[in-house]
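The next block holds one structure in the form of structure tokens; read it before the comments.
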Amino acid sequence: MSERPIAIVPLQDAPGTLSICARWLNGEWGQAEGHSLDVTADWLRDVIAPGSGEAGFVALDGRAPVGVCLLVACDLDSRAELTPWVSGFYVLPGYRRRSIGTRLLRAVVGAARSGGAANLYLYTHTAESLYRRFGWRVMERFPLDGKAFALMAKALE
Ligand SMILES: CC(C)(COP(=O)(O)OP(=O)(O)OC[C@H]1O[C@@H](n2cnc3c(N)ncnc32)[C@H](O)[C@@H]1OP(=O)(O)O)[C@@H](O)C(=O)NCCC(=O)NCCS
């Protein structure tokens with residue numbers, strides 16, 4: 001792991017990193033949801049397509065991607081009335097606990113705010129306390145695939 005400064009840039013400005021980000025997100029979530037790597041990569045392309053209203057940010061160590069976070073219109077089909085959502089939030093294990101996740105999340109919150117959203121949503125079973133520290137509150141809890149999830153919201157004033 002290098003100690004060089006880590007840059008946070010829009011994913012569309014670093015298109016060469018998309019396939020690596022897709023591999024992380026597919027390994028972490030997509031595969032378990034039955035999506036192939038190609039489907040996950042196509043989803044990322046759609047997210048950063050001009051006019052999508054969605055956004056992606058990647059953390060770079062030099063040219064190497066080390067983290068990613070997305071702003072998507074919908075991340076939970078059963079709650080399609082809520083929008084937008086944080087999704088695909090991932091930092092490479094060797095780079096964790098260096099505030100890279102915090103910076104990626106801040107970029108996504110900023111993009112949601114710029115897009116005029118009043119609230120931002122996510123669901124998690126792994127990082128509730130992280131989000132709480134940044135002003136997110138639990139709206140409800142629900143089980144999914146044998147895990148206990150929290151549906152969380154953040155007001156964007
Ligand atoms: C969640 C994740 C993106 C955080 O990335 P990160 O770069 O380590 O985050 P940060 O360094 O900005 O951490 C911010 C704070 O939250 C804490 N934190 C980090 N991960 C946490 C977690 N999973 N749960 C609770 N707190 C966490 C850190 O300790 C840090 O606090 P500190 O400054 O007192 O040490 C990363 O752990 C990850 O990729 N996990 C696997 C995928 C995942 O669970 N994503 C979230 C899905 S909703």
Quiz item: Is it true that GLU157 is of a type outside the set (Val, Ile, Thr), modelled with pLDDT under 95 and within 25 Å of ILE8 (Cβ to Cβ)?
Solution: yes
Exercise. Kindly list, by first and then second residue, each pair from a residue in region 80-94 that is farther than 16 Å from TYR121 by Cα to a residue that is more than 8 Å from the ligand (Cβ to nearest atom) and of a type outside the set (Val, Ile, Thr), limited to pairs with Cβ atoms under 6 Å and residues at least 6 apart or on different chains.
Key: TYR90/TRP24; GLY94/MET1
Quiz item: Which ranges mark the strands (runs of 3 or more DSSP E) fully within region 1-98 that have 3 or more residues being at pLDDT 95 or above and open to solvent by 30 Å² or more (accessible area, probe 1.4 Å)?
Solution: 7-10
Practice problem: Go through the residues of region 109-130 one by one and say whether even a single one is within 12 Å of the ligand (Cβ to nearest atom), open to solvent by 80 Å² or more (accessible area, probe 1.4 Å) and without any contact (Cβ under 8 Å) to a residue 12 or more places away in the chain. | Solution: yes
Quiz prompt | First in region 45-59 and aromatic (Phe, Trp, Tyr), second anywhere and in a helix (DSSP H, G or I), Cβ under 8 Å, 6 or more apart | solution = PHE57/LEU11; PHE57/LEU104; PHE57/ALA107; PHE57/VAL108; PHE57/ALA111
Quiz item: Name the residues in region 28-40 that are without any contact (Cβ under 8 Å) to a residue 40 or more places away in the chain and either within 14 Å of the chain's Cα centre (by Cα) or under 21 Å from THR102 (Cα atoms) (or both), would you?
Solution: GLY30, THR40
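The values are calculated or read from the model by the stated rules, or taken from the named source; none is laboratory data. Owing to the predicted nature of the structure, the values given are computational and were not obtained by experimental measurement. As a convention, Cβ positions derive from the backbone with ideal geometry for all residues, glycine included, and neighbour counts pool all protein chains shown. Surface areas here come from the heavy atoms of the whole protein model, side chains and all, with no ligands, DNA or RNA. Shrake-Rupley method; radii C 1.70, N 1.55, O 1.52, S 1.80 Å.
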